[in-house]
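Asker: Before we start, here is the structure in question, set down as structure tokens.
Any read-out appearing in this document is the output of simple, stated calculations on the displayed coordinates, not a laboratory observation. Everything quoted here is computed from the prediction, not taken from an experiment. Every residue, glycine as well, gets a Cβ built from its backbone with ideal geometry; the counts of neighbours run over all protein chains shown.
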Amino acid sequence: MEASSAWAPVLLILLALGPWLAGRAMGRATSWRAGRLALAGAVAAVVVVVVDLRWGTVSAWDLVFMVVAAWLGAVTARVEPRSVLASLGSATLFLVVVEVVGRMALPAPHLAPDPDWSLFPRGSATTGWAACELMYPSLGLPDFENDWRRHGARPGDPVVLHVGDSMLVFGELDHGSMSDLPGRFVARMDDADPHRTHVNLGQPGTALDVGLMALPPWVDRYDVRAVVLYFFADNDLSDLDRRYPCCRGGLLFDYGDQAVPRCPTPDGPLFGSQAVQDLLFRSGPPLVVRVATRWSPVWRHVRGRLDAFARHGTPWATTPDTTDDDLAHDAHALDEAWRRYRLLLERARDGAAAGGYPLVVVDLPVGPDLSRAGGPPSGDAWERSRTFEALCDTLGLVHVDAWQAMSPDAADDRWFLHDGYHLSAAGHARLGAWLTTHLLPLLDGDPVPPQDVRDGTDASSP
């Protein structure tokens, strides 16, 4: 149900007025005790609905808003209308004063007006919350054995776990959707490997810290035959060490001589209640906030605090995540990002040795740095990729340079979506075929044909 600019305020009034009138009618028709019991039942029903809103289809905040309106209606059922109007006038005057003072005292908000005025907004599951579900299945995947990522594997079955970001899951026509992955390059390797199930643990907007935290549930329940880590040089360093609500609104690891998990189990405000989790993190902001951001800088600040709460577990979070611009202009930030990434790779290497399964690292190509003129790749991402390859050599990690799948003579816009980074259906097919030849043998300890993309050659293109 979409609301245009003209109808959204009307919808907001109806959203409050309808429950208020219903509560008022209930309060006048029954004794106060009976009305109170009825309201308690209504609140309980709403809580049940909130618990069921696992995918954020309806804003749970709006449900709470309606319950509060109904409660106020019941409370004021026997109050004269003149007194009710006077109270509404006082509340309106208070909001106007807050708005005026806020515009004078607060800095300009960074948040743009919210364009989504639909009553049933798209679920606002942030990257932080979606990553929390991946790392801690008990939060959002109570039926873990039916998780779509398994591709039919059962506990105890031999699996290969593929850990990465959106490069593993985004594809043709369904950008952002992870509900259907048959055409992705991981699935193509799964089709070519009759002895193991390849599980896609790609999570958009994340890096190796999330990937390592996501491994234990699978390692504990499945026969892990290999783990494949994917590095995407364009943004994996800047996506590292984001702050997550399921880890006290902070980083997932402490970094000293080693990378040590800060939250082996989810730890954050009110994380013992699934209903509260859904309310705070799965649901879109209330319609009153989304409408008010169109004209009110103060309400845009309010929306920003709500976003900070959903993202970091506290509305007062001010420490920003590292950005690509930080890494491009701050040598210290870049050095620290590489240091932390090295510690995480060491943890992955040592974990694989302790678990008795092979670990292979894949360096994925970055579309804009591929040459379309027959020459070698170039650019910041390409340089980071070379640094990453050298780091893998230093740590003794088996690694695959997948830039070679898109060799200079084959670099073509057909392989990528309109953003130039994520793979198209043709790109997934090409990379899947190439990795089937050059990655799968490594999982069995077999050699693969040599290639060198630096000089533009491709010894065995699929």
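Asker: Can you list residues from other chains, or at least 5 along the same chain, whose modelled amide H is less than 5 Å from the amide H of R248?
Answerer: Distant-sequence amide H within range of R248: D267, G268.
Asker: If you count, for each residue, the other Cβ atoms within 10 Å and average over each peptide, how do 287-298, 203-214, 72-83, 352-363 line up from highest to lowest?
Answerer: Per-residue mean Cβ counts within 10 Å order the peptides as 203-214, 287-298, 352-363, 72-83.
Asker: Can you sort D236, D223 from fewest to most other Cβ atoms within 10 Å of each residue's own Cβ?
Answerer: The order, fewest Cβ neighbours first, is D223, D236.
Asker: Among Y244, Y341, Y421, which comes first, then next, by fewest other beta-carbon atoms within 10 Å?
Answerer: Y421, Y341, Y244
Asker: Let me ask something else about it. Going by C-beta contacts inside 10 Å, put E336, E383 in order with the fewest on the left.
Answerer: Ranking E336, E383 by Cβ neighbours within 10 Å, fewest first, gives E383, E336.
Asker: Report ³J(HN,Hα) in whole Hz for each residue of the range 65-79, in order, from the Karplus equation J = 6.51 cos²θ - 1.76 cosθ + 1.60 where θ = phi - 60°; Gly and Pro get x.
Answerer: Running phi through 6.51 cos²θ - 1.76 cosθ + 1.60 with θ = phi - 60° gives 4, 5, 5, 4, 5, 5, 5, 5, x, 5, 5, 9, 4, 9, 9 Hz.
Asker: Taking square-rooted eigenvalues a ≥ b ≥ c of the alpha carbon gyration tensor, is the range 189-238 rounded, prolate or oblate, where a/c under 1.5 means rounded and, failing that, a/b exceeding b/c means prolate?
Answerer: oblate
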